[in-house]
Amino acid sequence: MSVTVGVVRFPGTNCDLDTFDALADIGTRTELLRSDAASLGNADAVIIPGGFAYGDYLRTGAIARCSPVMSAVKAFAAAGGPVVGICNGFQVLTEAGLLPGALRRNAGLSFVCSPQRVVMASVKHVLGHGLSPMEELSIPINHFEGNYVCDAATLRRLHASGQVVMRYVDNPNGSTDDIAGVRNESGNVVGLMPHPERATSELLGSADGCRLLGALTHAAAGFRRSGGRCRTPGIGIR
């Protein structure tokens, strides 16, 4: 089944074309979604890519969450639509209240840009198809504010409901519990700091990002088959 993944572009976004190319490499159609758009068009899944939305002024992602397109993203997510935020996109999703926790400056106040080994903590989400729990992937990171934080009660809930998506093998930024990505309770919204669109070829050091993007395409196909109303957790995910 042919599906379309919408890629949101805010002023300052700089990883949208990388994401377009990565999706094209696995045969997935893409559609650019402007920040002032009132709808998501024909999208069967949405990616909020990395970059520096609105220059990362104030809290990272705080301005982007107020953009008109985010109202459409929230409605799409509420209907069970697959939504993924990568790096800055992850920050936007936490600011928008679609994911728990927050991202702050890295420990040591240093920018980090390097390949990272991550372990899949859960596969019951829109990036989990074809992967196994505890499977290790190599995905690069590129951020200054990737330090995931949450209070103790939220961390307990994340553990109890299996909402931690992936953890760093060697924590590069001080993130709580080595967390590199989390999901919402239903599993249709995922945020991660590593950049799968930059791990699409062994020539680049890893093709593991294709597996995550392929899983999203699988989830998008399930969402389309359902008529766009996957409200039950897990439907269209595995």
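Can you name every residue in the stretch 131-144 that is modelled with pLDDT of 95 or more and closer than 16 Å to GLY174 by Cβ?
ILE141, HIS143
Tell me yes or no: at least one residue of the stretch 98-106 is assigned to a loop (DSSP other than H, G, I, E, B) and closer than 20 Å to LEU32 by Cβ.
No: the stretch 98-106 contains no residue that is assigned to a loop (DSSP other than H, G, I, E, B) and closer than 20 Å to LEU32 by Cβ.
Let's see how each residue does on (1) more than 29 Å from GLY228 (Cα to Cα); (2) surrounded by 19 or more Cβ atoms within 10 Å (Cβ to Cβ):
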{"site": "ASP151", "(1), (2)": "yes, no"}
{"site": "ASN188", "(1), (2)": "no, yes"}
{"site": "MET193", "(1), (2)": "no, yes"}
{"site": "ALA199", "(1), (2)": "yes, yes"}
{"site": "SER206", "(1), (2)": "yes, yes"}
Which is out of contact with any strand residue (DSSP E or B) (no Cβ under 9 Å at 6 or more places or on another chain) and touching a residue at least 24 places away in the same chain (Cβ under 8 Å), of HIS143, HIS129, HIS125?
HIS129
Of all residues making up the stretch 70-124, the number that are of a type in the set (D, E, K, R) and either in contact with a Ser or Thr (Cβ under 7 Å, 6 or more places away or on another chain) or on the phi > 0 side of the Ramachandran plot (or both):
1
Going through LEU17, LEU23 one at a time, which residue ends up being part of a helix (DSSP H, G or I) and touching a Ser or Thr at 6+ places or on another chain (Cβ under 8 Å)?
LEU23
In the stretch 56-91, anything more than 18 Å from GLY41 (Cβ to Cβ), hydrophobic (A, V, I, L, M, F, W, C) and not in a helix (DSSP H, G or I) is listed as LEU58, ALA62, ILE63, ILE86, CYS87
Taking the stretch 26-55 as the search range and keeping residues that are among the hydroxyl-bearing types (Ser, Thr, Tyr) and in a loop (DSSP other than H, G, I, E, B), which one is nearest to VAL126 (Cα to Cα)?
THR28
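Criterion first (in contact (Cβ under 8 Å) with a residue 60 or more places away in the chain and within 17 Å of the chain's Cα centre (by Cα)) does GLY51 satisfy it? First the steps, then the outcome.
On the way: in contact (Cβ under 8 Å) with a residue 60 or more places away in the chain: no; within 17 Å of the chain's Cα centre (by Cα): yes.
So GLY51 fails the test.
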Kindly indicate the residue of the stretch 1-16 that is small (Gly, Ala, Ser) and surrounded by fewer than 18 Cβ atoms within 10 Å (Cβ to Cβ) and also modelled with the lowest pLDDT among those meeting that condition.
SER2
Counting only residues that are under 27 Å from SER201 (Cα atoms) and loosely packed, with under 15 Cβ neighbours inside 10 Å, how many does the stretch 30-57 have?
1
Checked ALA45, ALA79, ALA62, ALA75 against criteria (within 17 Å of VAL190 (Cβ to Cβ) and out of contact with any strand residue (DSSP E or B) (no Cβ under 7 Å at 6 or more places or on another chain)); the one match is ALA79
So which of ALA78, ALA107 ends up being farther than 20 Å from ARG59 by Cβ and out of contact with any helix residue (DSSP H, G or I) (no Cβ under 7 Å at 6 or more places or on another chain)?
ALA78
Of the residues in the stretch 17-29, those that are in contact (Cβ under 8 Å) with a residue 24 or more places away in the chain and surrounded by 14 or more Cβ atoms within 10 Å (Cβ to Cβ) number 8
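The values are calculated or read from the model by the stated rules, or taken from the named source; none is laboratory data. All values reported here derive from a predicted model rather than from experimental measurement. Here the Cβ is made from the backbone with ideal geometry for all residues, glycine too, and neighbour counts use every protein chain on show.
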